[in-house]
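Engineer: Provided herewith is a single structure, encoded as C-alpha cells, for subsequent inquiry.
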Amino acid sequence: MNVHRPAPQPEADSAFQPARPEAVAIEVKDLVKRFSPEGSAALNGISTWMKPGGITGLVGPDGAGKTTLMRTLAGLLAPTSGTVRILGQDPLPDGPLREQIGYMPQKFGLYEDLSVQENLDLYADLRGVVGEARRESFERMLAFTDLARFTDRMAGKLSGGMKQKLGLACSLLGAPKVLLLDEPGVGVDPISRRDLWRMVRDLARSGMTIIWSTAYLDEAELCDEVRLMNEGRILAAGTPAELMGAMLGRSLHLTNLAAPRRDVLQRALRAPEVMDGVIQGDNVRLVVRTAGQWPDLEPLQAGPEAALVEVAPRLEDAFISLLGGGPGGDSPLAVVTHAVILPGHTNQDAAIEARNLTKRFGDFIATDAVSFRVAKGEVFGLLGPNGAGKSTTFKMECGLLKPTSGQALVMGIDLKQSPSEARQRLGYMAQKFSLYTQLTAQQNLEFFSGIYGLQGEAQRLKMEGMIQAFDLGPWLSQRTLDLPLGFKQRLALACSIMHEPQILFLDEPTSGVDPITRREFWTHINALAQKGVTIMVTTHFMDEAEYCDRIGLVFRGKLIALGTPDQLKRDSITPDCPHPTMEDAFIHLIQAYQAERTEVAS
Amino acid sequence: MLYRLLRLIRKELQVVMGDKKTRLMLVMPVLLQTLIFPFAATLEVRNATLAVYNQDAGAASQELLQRLSRTPSFTRLLPVHSEAEVQAALDDQTALVLLRIPQHFSRNLAAGAPAPLQILMDGRRSNSAQIAMGYVSQVVQSFGAERGAHPTSRLVLRNVYNPNLDFKWHVLPSLVAIITTIGCLTVTALSVAREREEGTFDQLLVSPLTPAYIMVGKAVPGVLVALFQGGIIATVAVFGYGVPFSGSLPLLILGLVCYGLALAGVGLFISSISETQQQAFLGVFAFMVPATTLSGYISPIENMTVFFRILAYINPLTYCIRIVKGAFLKGFGFADAWTAIGPLLLISFCTLSIALYLFRRHIA
Amino acid sequence: MRAVNLRRLKALCRKEAYQIVRDPSSILVAFVLPVVLLFVMGYAINLDSSHLPLGLLMEDHGPAAVQFEQALKASGSFTVETGVPREQLIQQMTRGNLRGVVVVRSDFGAALAEGHGGAAIQVLTDGSEPNTASFVGSYVETIWETWQQQRGQNQARMDTLPIDLRPRAWFNPSTLSRNFLVPGSIAVVMTVIGVLLTSLVVAREWERGTMEALLATPVTKAELLLSKVLPYYLLGILAMVLCLVVAVLIMQVPFRGSLGALFVLSSLFLGCALGMGLFLSTVMRNQFNAASAALVAGFLPAMMLSGFVFEITTMPLALRLLTRLIPARYFTSSLQTLFQVGTPVSFLAGNALGMLLLTTFWMGLTTLKTSRTLEAK
C-alpha cells in the first residue's frame, strides 16, 4: 500500500521502564508463550511488574497478547518459558493462591440460564464464602452494583452494563487481593463503563491490586499505571502522565478552518513534520515528530483564520508515536473510485432518509418515529448504547428489516416497496467483517463482485484495482480465517465497494483494531466521501464519532440529539465540565433526556 | 441474474469443500456405512447353532442330522442330552433353535406312521429364529418326502430380481438412497445456519439477490452433492460388491435429482428454523432416523400401523429407494419409475414452497 | 487428584440441574426424542408380516384349485388379489405393490390327482426385498403342505407327509417381533441420550466462556467431572423409567425381569454412554463437532452393531469382534433377556462385566484428557 508510513520500529522500552520498586504484587520475567511450535509467539518476552494497590491498565489492540497475559497471570495457561509470580507465588498449580486472585474473563463468565442470585451463590460456594461473611458480601455486592432489585432475573436477560457489574461482583467474592479484569468495558455504552470505573476506583483505594485490560486508549488514561502492548511485547510502561509527558509540545490543533476538514487533513498529512493526524470535531488534530517543529500553514490551504494551537497530549498520541507514526492521508482508493453522480431526480440533501421510522417487536418499540436526512457525500454517525434502537434503525435503512411504519429511503427509493432497485447501489460492511472464513481472499473478492453483477473483463479489472489499492497481493490464496485483523478489515471493505455503490453502510467497522489500522481505514473512507459517496456508520468509539460530519444519538428508540460533533459538545457544556469530550457529551445528553422524561412523568 | 445465481452456487460448493466439518460429515458416514453396513445389516441367518436333543437310536435320525449339518445357516450342531441342557442351551442363547427328536422316530417313519418332531426357537430373537426354522422345515420336508410312500405334487419357487436372495442386493441400492440423504441434508441444513453464525447472511440479504434466488442457490449444491455421493456408492455397489444394474442410468439420475430437490426443501426448512449449526444438525438427525425407519428399508410398509403407513407414503426416502432398486434390480422403465418420481415432485414442490415462505418471513 | 469438596460439588451440581431444567433442548433430547424414537421404532419396524400383498393367477378353475384358493385367502398371512391378468400382476410386483405372485397352473387338478410329483403351483417372489421374499416363500410352502396334508386326511389317502413338525417358541410365545425389537430400541435410544446430552454439556461451557471462569476458582478436576456425570446420570435414569413405562404400559411389551437388575445394568450402561459423551465433549470444545461425533460414534454403531435388529452371529468375524467394544451390544442383550426371559444372573453378569470394563475405559480416558488449565491436553 503506498501510504507514507515508516517501518514500525518500536522505540526501546528502556526509555519507558521506570525502576522496580521494593514491593511488587505481580512480577513477570521474560515471559514467552507459544501456542504451537511453528506459530508466532503470543507473548514475546514480557518483563514487567505491578505495584500493590491501584489500577494498572494493559492497553493494546486485538492480538496484542493482553488476554494471553491475563490468563497466564490467572494460572490458566502455562508459560512456554519465563516466570510469573503473584504475591510471590506461582499461580499455575492448585494452591491457596487461587482464592486470592479474582478473575473476570471476556464474556463475563456468567451462566445465562441462572438468575443473578444463583450466579452469586455459585461463585460464593466455589470460593468458600459461607455463613455470616457470605450474607454480608452479598448485601454489599448487591448495593454496590445496584442489582438488588434484579436478584431473580436470569443473567441472560440483563443488559450489557448489568452483566458487566454482575461479572465484577462474582469475581470479587472471597475478597481477593488481586483482581484481573479482561476487557470488562468492551461493547458496553459509556454510561455503564463510567459506573464500572467508579466501582473499581473504590476497590483500588481500599488496597486491591487491579489489572484492567482494554483496547480503548482513553480508558487507559484513567489508570494509575499503564502497560502499552503490541504484538506480544510491552512497548512502554509508566504512569499515563509520564507517557504523555514525553509527548509534551507535540500535539497541536489546527483551528478555525474555512476549508473542508478532510481536505485539510489530507494536505496536512503530507507535511514532513507531521507524524499523525485525525479529525477532532471542527478541528484537525496533528502530532508532530519533534516538539517545536510545526508544519507550514501555506500549503494546508485551511483558510485565512486558520491557526495552529498546542493542546494537551493524549495517550493515543503516545501510542502512535511508539508505533512509528500513523499512515498518510492519501488513499489509493481515490484513484480507482469514480466521482458519484446521483440519478437526476434525487434530492442531493437526502441521499439517505428516515421518515418517522418505527419498528415494533410485539409490544416492544425498538425504534420510535426516527427522522433524519443525510446529504450526498456526508459521513453520518449513528450512536447509542446497546439495545437503544441504533442497530434496528441501521438495519432498516439497509433493507435488512422491514419497518412497522414510516419509511426508510435510499436515494428517494422506498426500501419496502422496491428493494432490489436500491440494493445494487448500496454497499454494506457487517460487524466483525463478515467474510467467508473458509474461502480464500481471492474467492471472496470473486464472489462479492459476482453477485453484484460484475463479470468478465470488468470484474477482473475491478478486482485488480482493489488488490493493488489494499495491498492484498501476498494474501490472495490465504483463507480469510488466517488473515491478520487489519487485512480482514481491508478485504471486507474491498468486497463492499467493488460494485461502486453510491451509498455505504458500515456497522462498527473498526472494533478491536489498533489505532494505526483504524486511521488507515478512515483515510479510505474520507477518500470515498470526497468522491461523493454517502456513508452511514455506527460505532462505540467516541473518537470515531468525531470523524463524522454529523451524529445522531439514539436512546430508547428515539433520536435524542442530531448535529455536528462540536454542536453536541457545545450543548453539553456545564459549569462542572466546560470542555466536554465526546464521551461527556454522550453521557450528558442521555442523562438530560432521562431527567426530562421523569419530570414529564411526575 | 443467472450469472449471479451461478456465482452463488459456486461459492456454496467452495464453502462445502473448504469447511473441514462439512467435509468430514460428507465422508465419514459414507465410509462407515459402505464398509460396515452391507456386512452387518442383514436379516439372513448364518453361523447359527442348532441344538439337537436326539432320543432316537435309529438310522433315520442320524441321516436327518447329517443333512441338517450341511446347510449353510448352521455352522454348529450342538448335541444336548437332557431336559436341563435343553433349557440351558436356550436360556444362555447358545443355540438359536433346538430340534427334539423323540424316541421312536426312525421306527415310525419306516412303518409309515406319523412321526412328530419338535422345534424350539429362541423367541428373543424371533425374526432370525423363524427364518432358521424355515430352513430346518425345508430340509425336514424334503427328507420326509423322499422317505414317504407317495411323491406329492411340487411347488416351484422362483425369486424374481434376486434369485439367491442376496441381502447385499437389497442393502446397497438402499444405501445409495440413505447416504445421499445424509449428504444432501447436511449441506443444505447447515448452509443457512452457518451463514447466520458467521454473519454473512446479512451480507447476502443486502445484495440484489432476492430470497427466492438465494434459496435456489442453496438448494442446487445440495442436489449436486446428492448426485455425487449417490454416484460413488452406486459405483462401489456395482464394481465392488457385484450388484447388477439392469435399468437405465438417465432414469436413475433423474430420480436422484428429484429426490435431491425434495430433500433440499427439507434441509432449507430445518436451516431456517435453526439459529446455530448445532441445532440444524440435531434437526437433520431428528429427520433422518424416522425417515430411514419409515421408508420400508428395515421392514415393509404394509406391516406398519395406519398412522405410520401414512407417514411412510409422504416420506421422500420411500420413493427414492423404490427408484434406485428399480434401476438396479428391476429394469425400471419410465412408466414404472413415474409411480415414484411423480410423488417426489409433489413433495419437492411442497417442501420448497414452505422453505421459501420461511425465508421471506425472516426478512420481515 | 485432590479431594472433593462437598460444598463445591453440591454447588456445581445445582448449577448443572438449573441449566438442564431451563434449557429446552435438554428436555427435548432427554424426554421428547426418546419417546418419539421409541414409538417410531416400536410401531414402524414390524417384522411380523401379516398382510403381505400377494397376487393370485388361477389358470385352473377346477374344484381342487378353488379349494386351494380358499386356503390361501383364509390363511391370514396374505392380502390376496385375484382376477387380474398376468402382465399386470408382474407389473405390480415390479412396482413394489405386490410381494409375490402365485400361479395355479392349468394342470393343477390333474397333477394333484395323479400324484406323480409334477409341478402344480409356481410361486414368484419379489427378490428385491429378500426378507419378505423368504417369508412369502415359506408361508406359501407351509400353506401348500398343510393343505395337502389336510386333503390327504379328508380323503384318507396315504400321501400324507410323515414328518410333522411342531414349532414352539421358548420365550416370547407370541413371537411378536415388537417384543424383541422394543428392548433393543430402548438401548439405541438411551445411547443417543447418553452420548448426545453429555457431548453438548462440556462443549457448551467452553463456547460460552464459563469454563474459563470456573477454572479460575479453586475447583478441582474431580469436582468438575463428577458435577457433569451425576446430574446427567439422574436424567438418564429418569429417561430410562420413561422408556420402561412407555414400553410396558403403552406398547404392552411384557417385562419379566427384576427391576433391581434393570437398575444395575442401566446404571452401568449409562456409565459407558456418559463417559463416551464427556470424552467427546472434553476433546472437542465446540458443540457442533461434539454433537456430530457423538452421533457418528454412538448412534450408528448402536443401530447397526448392537444386535437390535441385525443378528450379530450372522456378521463376519471382524465385525463380531468389533461389537464387543460397543456398550449398546451388552445393553441390548441384557434388555432383551430382562424383558422376555427373567433374571438369569450368570448370563447378565457377563454383560455387566463388559459394560463395567467399557465404563472404566471411557471415564478413565476422560479424566486423563480433562485439563485443569486452558491448555488442551
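The values are calculated or read from the model by the stated rules, or taken from the named source; none is laboratory data. Here the structure is a predicted model, which means the values were calculated and not measured. No Cβ is skipped: glycine too gets one built from the backbone with ideal geometry, and neighbour counts run over all protein chains shown.
Engineer: Mind counting the residues in the stretch B:275-301 that are closer than 22 Å to B:Glu197 by Cα, buried (at least 22 other Cβ atoms within 10 Å of the Cβ) and more than 8 Å from chain C (Cβ to nearest Cβ)?
Structural biologist: Residues that pass the stated criteria total 2.
Engineer: Further, regarding this structure: Against the definition (under 26 Å from A:Gln280 (Cβ atoms), in contact with a Cys (Cβ under 7 Å, 6 or more places away or on another chain) and not basic (Lys, Arg)), how does A:Phe372 come out, yes or no? If you could, list the steps in order and put the result at the bottom.
Structural biologist: On the way: under 26 Å from A:Gln280 (Cβ atoms): yes; in contact with a Cys (Cβ under 7 Å, 6 or more places away or on another chain): no; not basic (Lys, Arg): yes.
No.
Engineer: Please verify whether C:Gly307 is assigned to a loop (DSSP other than H, G, I, E, B), under 21 Å from B:Thr49 (Cβ atoms), among the small types (Gly, Ala, Ser) and in the same structural domain as C:Cys243 (by TED's automatic domain parsing), treating the condition exactly as stated.
Structural biologist: Criteria met by C:Gly307.
Engineer: For the stretch A:82-118, which positions are among the aliphatic types (A, V, I, L, M) and without any contact (Cβ under 8 Å) to a residue 40 or more places away in the chain? Talk me through it step by step, then tell me what you get.
Structural biologist: Applying the first criterion (among the aliphatic types (A, V, I, L, M)) to the stretch A:82-118 yields A:84, A:86-87, A:92, A:97, A:101, A:104, A:110, A:114, A:116.
Across the stretch A:82-118, the qualifying residues are A:Leu92, A:Leu97.
Engineer: Within the bounds of the stretch C:37-58, is there any residue that is in a helix (DSSP H, G or I), over 30 Å from C:Val195 (Cα atoms) and within 31 Å of the chain's Cα centre (by Cα)?
Structural biologist: Start the filter on the stretch C:37-58 by keeping residues that are in a helix (DSSP H, G or I), which leaves C:37-44.
Checking which are over 30 Å from C:Val195 (Cα atoms) leaves us with none.
No, the stretch C:37-58 has no match at all.
Engineer: Can I ask one more? Just to be sure before I move on: is B:Ile314 more than 9 Å from chain C (Cβ to nearest Cβ), farther than 27 Å from B:Lys168 by Cβ and out of contact with any Phe, Trp or Tyr (no Cβ under 6 Å at 6 or more places or on another chain) in the structure I sent? Give the derivation first.
Structural biologist: Working: more than 9 Å from chain C (Cβ to nearest Cβ): yes; farther than 27 Å from B:Lys168 by Cβ: yes; out of contact with any Phe, Trp or Tyr (no Cβ under 6 Å at 6 or more places or on another chain): yes.
Criteria met by B:Ile314.
Engineer: Restricting attention to the stretch C:354-372, and to residues there that are within 14 Å of another protein chain (Cβ to nearest Cβ) and in contact with a helix residue (DSSP H, G or I) (Cβ under 7 Å, 6 or more places away or on another chain), which single residue is nearest to C:Leu274 (Cα to Cα)?
Structural biologist: So, considering only residues that are within 14 Å of another protein chain (Cβ to nearest Cβ) and in contact with a helix residue (DSSP H, G or I) (Cβ under 7 Å, 6 or more places away or on another chain), the one nearest to C:Leu274 (Cα to Cα) is C:Thr370.
Engineer: Restricting the search to the stretch A:221-257, which residues are touching a helix residue (DSSP H, G or I) at 6+ places or on another chain (Cβ under 6 Å) and among the polar types (S, T, N, Q)?
Structural biologist: Correct list: A:Ser251 only.
Engineer: From the set of residues in the stretch B:1-39 that are more than 22 Å from B:Ala280 (Cβ to Cβ) and more than 31 Å from the chain's Cα centre (by Cα), which is surrounded by the most Cβ atoms within 10 Å (Cβ to Cβ)? Reasoning before the result, please.
Structural biologist: Filtering the stretch B:1-39 for residues more than 22 Å from B:Ala280 (Cβ to Cβ) gives B:1-7, B:10, B:31, B:34-39.
Imposing the further condition that a residue be more than 31 Å from the chain's Cα centre (by Cα) reduces the set to B:1-7, B:10.
Details: B:Met1: 11, B:Leu2: 7, B:Tyr3: 13, B:Arg4: 19, B:Leu5: 17, B:Leu6: 15, B:Arg7: 23, B:Arg10: 16.
If we take residues in the stretch B:1-39 being more than 22 Å from B:Ala280 (Cβ to Cβ) and more than 31 Å from the chain's Cα centre (by Cα), then B:Arg7 is surrounded by the most Cβ atoms within 10 Å (Cβ to Cβ).
Engineer: Does A:Ile525 satisfy the criteria of being assigned to a helix (DSSP H, G or I), of a type in the set (A, V, I, L, M) and surrounded by 22 or more Cβ atoms within 10 Å (Cβ to Cβ)? Even if it seems obvious, please write down each step before you answer.
Structural biologist: Values: assigned to a helix (DSSP H, G or I): yes; of a type in the set (A, V, I, L, M): yes; surrounded by 22 or more Cβ atoms within 10 Å (Cβ to Cβ): yes.
Criteria met by A:Ile525.
Engineer: Out of curiosity, is A:Leu58 surrounded by 23 or more Cβ atoms within 10 Å (Cβ to Cβ) and away from every other protein chain (no Cβ under 14 Å)?
Structural biologist: Numbers: surrounded by 23 or more Cβ atoms within 10 Å (Cβ to Cβ): yes; away from every other protein chain (no Cβ under 14 Å): yes.
Answer is yes for this residue.
Engineer: Which residue out of A:Gly156, A:Gly167 is part of a helix (DSSP H, G or I), in contact with an Asp or Glu (Cβ under 7 Å, 6 or more places away or on another chain) and within 11 Å of another protein chain (Cβ to nearest Cβ)? So that I can check it myself, show each step before the final result.
Structural biologist: Values: A:Gly167 fails: in contact with an Asp or Glu (Cβ under 7 Å, 6 or more places away or on another chain).
Answer to the check: A:Gly156.
Engineer: For residues in the stretch B:131-157 being within 29 Å of C:Gln336 (Cα to Cα) and more than 7 Å from chain C (Cβ to nearest Cβ), which is modelled with the lowest pLDDT? Give the derivation first.
Structural biologist: First pass over the stretch B:131-157, keeping only residues within 29 Å of C:Gln336 (Cα to Cα): B:131-138.
So of that shortlist, the ones also more than 7 Å from chain C (Cβ to nearest Cβ) come out as B:132, B:135-136, B:138.
On the way: B:Ala132: 81, B:Tyr135: 79, B:Val136: 81, B:Gln138: 75.
Checking each candidate, the answer is B:Gln138.
Engineer: Another one. Does C:Ala318 meet the test of being assigned to a helix (DSSP H, G or I) and facing another protein chain (nearest Cβ under 9 Å)? Before you say what the answer is, go through the steps one by one.
Structural biologist: Details: assigned to a helix (DSSP H, G or I): yes; facing another protein chain (nearest Cβ under 9 Å): yes.
Yes: the conditions hold for C:Ala318.
Engineer: Just checking, does the stretch A:359-371 include any residue being touching an Asp or Glu at 6+ places or on another chain (Cβ under 7 Å) and assigned to a strand (DSSP E or B)?
Structural biologist: From the stretch A:359-371, those touching an Asp or Glu at 6+ places or on another chain (Cβ under 7 Å) are none; that's our starting set.
No, the stretch A:359-371 contains no residue that is touching an Asp or Glu at 6+ places or on another chain (Cβ under 7 Å) and assigned to a strand (DSSP E or B).
Engineer: Could you tell me whether A:Leu454 is of a type in the set (A, V, I, L, M, F, W, C), more than 8 Å from every other protein chain (Cβ to nearest Cβ), part of a loop (DSSP other than H, G, I, E, B) and buried (at least 22 other Cβ atoms within 10 Å of the Cβ)?
Structural biologist: Details: of a type in the set (A, V, I, L, M, F, W, C): yes; more than 8 Å from every other protein chain (Cβ to nearest Cβ): yes; part of a loop (DSSP other than H, G, I, E, B): yes; buried (at least 22 other Cβ atoms within 10 Å of the Cβ): yes.
So A:Leu454 fits the description; yes.
Engineer: Let me ask you something else. Collect the residues in the stretch C:285-301 that are in contact (Cβ under 8 Å) with a residue 40 or more places away in the chain and either part of a helix (DSSP H, G or I) or closer than 9 Å to C:Leu196 by Cα (or both), keeping them in residue-number order.
Structural biologist: In the first step, residues of the stretch C:285-301 are kept if they are in contact (Cβ under 8 Å) with a residue 40 or more places away in the chain; the result is C:285-287, C:289-291, C:293-295, C:297-299.
C:Gln287, C:Asn289, C:Ala290, C:Ala291, C:Ala293, C:Ala294, C:Leu295, C:Ala297, C:Gly298, C:Phe299, listed by residue number.
Engineer: Please tell me if A:Gln417 is more than 30 Å from A:Thr480 (Cα to Cα), outside the structural domain of A:Ala494 (by TED's automatic domain parsing), touching a Lys or Arg at 6+ places or on another chain (Cβ under 9 Å) and of a type in the set (S, T, N, Q). Can you show your working first?
Structural biologist: Details: more than 30 Å from A:Thr480 (Cα to Cα): yes; outside the structural domain of A:Ala494 (by TED's automatic domain parsing): yes; touching a Lys or Arg at 6+ places or on another chain (Cβ under 9 Å): no; of a type in the set (S, T, N, Q): yes.
Judged against the criteria, A:Gln417 is not a match.
Engineer: Filter the stretch A:553-580 for residues that are among the β-branched types (Val, Ile, Thr) and buried (at least 17 other Cβ atoms within 10 Å of the Cβ) and give the result. Spell out how you get there, then give the answer.
Structural biologist: Filtering the stretch A:553-580 for residues among the β-branched types (Val, Ile, Thr) gives A:554, A:560, A:564, A:573-574.
Of everything in the stretch A:553-580, those that are among the β-branched types (Val, Ile, Thr) and buried (at least 17 other Cβ atoms within 10 Å of the Cβ) turn out to be A:Val554, A:Ile560.
Engineer: I'd like the full set of residues that are on the phi > 0 side of the Ramachandran plot and touching a residue at least 24 places away in the same chain (Cβ under 8 Å), limited to the stretch A:126-140.
Structural biologist: Initial filter on the stretch A:126-140 (on the phi > 0 side of the Ramachandran plot): A:128, A:131.
Scanning the stretch A:126-140 gives a single hit, A:Gly128.
Engineer: Out of B:Val16, B:Val45, I need the residue that is of a type outside the set (Ser, Thr, Tyr) and more than 14 Å from chain A (Cβ to nearest Cβ). Which one? Give the derivation first.
Structural biologist: On the way: B:Val16 fails: more than 14 Å from chain A (Cβ to nearest Cβ).
That would be B:Val45, the only listed residue that is of a type outside the set (Ser, Thr, Tyr) and more than 14 Å from chain A (Cβ to nearest Cβ).
Engineer: Still on this structure: Kindly evaluate A:Leu435 against the criterion of being within 9 Å of another protein chain (Cβ to nearest Cβ) and at pLDDT 85 or above. Outline the logic, then answer.
Structural biologist: Values: within 9 Å of another protein chain (Cβ to nearest Cβ): yes; at pLDDT 85 or above: yes.
Judged against the criteria, A:Leu435 is a match.
Engineer: Same structure again: Going by what's in this entry, would B:Asp202 be described as within 25 Å of B:Lys325 (Cβ to Cβ) and among the acidic types (Asp, Glu)? Can you show your working first?
Structural biologist: Working: within 25 Å of B:Lys325 (Cβ to Cβ): no; among the acidic types (Asp, Glu): yes.
Answer is no for this residue.
Engineer: Does B:Lys21 satisfy being within 14 Å of chain A (Cβ to nearest Cβ), over 20 Å from B:Ile179 (Cα atoms), outside any loop (DSSP other than H, G, I, E, B) and not aromatic (Phe, Trp, Tyr)?
Structural biologist: no
Engineer: Next up: Name the one entry in C:Ala222, C:Ala247 that is assigned to a helix (DSSP H, G or I), closer than 20 Å to B:Asn127 by Cβ and either within 14 Å of chain A (Cβ to nearest Cβ) or modelled with pLDDT of 80 or more (or both). Even if it seems obvious, please write down each step before you answer.
Structural biologist: Numbers: C:Ala222 fails: closer than 20 Å to B:Asn127 by Cβ.
From the options C:Ala222, C:Ala247, the qualifying one is C:Ala247.
Yes/no matrix, rows are residues, columns are (1) farther than 14 Å from C:Met58 by Cα; (2) under 39 Å from the mean Cα position of the chain (by Cα); (3) part of a strand (DSSP E or B); (4) within 10 Å of chain B (Cβ to nearest Cβ):
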position	(1), (2), (3), (4)
C:Gln70	no, yes, no, no
C:Val80	no, yes, yes, no
C:Val84	no, yes, no, no
C:Leu98	yes, yes, no, no
C:Val102	no, yes, yes, yes
C:Ser106	no, no, no, no
C:Ala113	yes, no, no, yes
C:Gln122	no, yes, yes, yes
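Engineer: Under 9 Å between Cβ atoms, which residue pairs at least 6 apart in sequence (or on different chains) link something in the stretch B:338-363 that is within 14 Å of chain C (Cβ to nearest Cβ) and over 19 Å from B:Thr318 (Cβ atoms) with a partner that is at pLDDT below 90 and surrounded by 14 or more Cβ atoms within 10 Å (Cβ to Cβ)?
Structural biologist: Within 9 Å, no pair qualifies.
Engineer: For A:Ala143, are the conditions met, namely being surrounded by fewer than 22 Cβ atoms within 10 Å (Cβ to Cβ), hydrophobic (A, V, I, L, M, F, W, C) and under 30 Å from A:Ala388 (Cβ atoms)?
Structural biologist: Numbers: surrounded by fewer than 22 Cβ atoms within 10 Å (Cβ to Cβ): yes; hydrophobic (A, V, I, L, M, F, W, C): yes; under 30 Å from A:Ala388 (Cβ atoms): yes.
Against the criterion (surrounded by fewer than 22 Cβ atoms within 10 Å (Cβ to Cβ), hydrophobic (A, V, I, L, M, F, W, C) and under 30 Å from A:Ala388 (Cβ atoms)), A:Ala143 qualifies.
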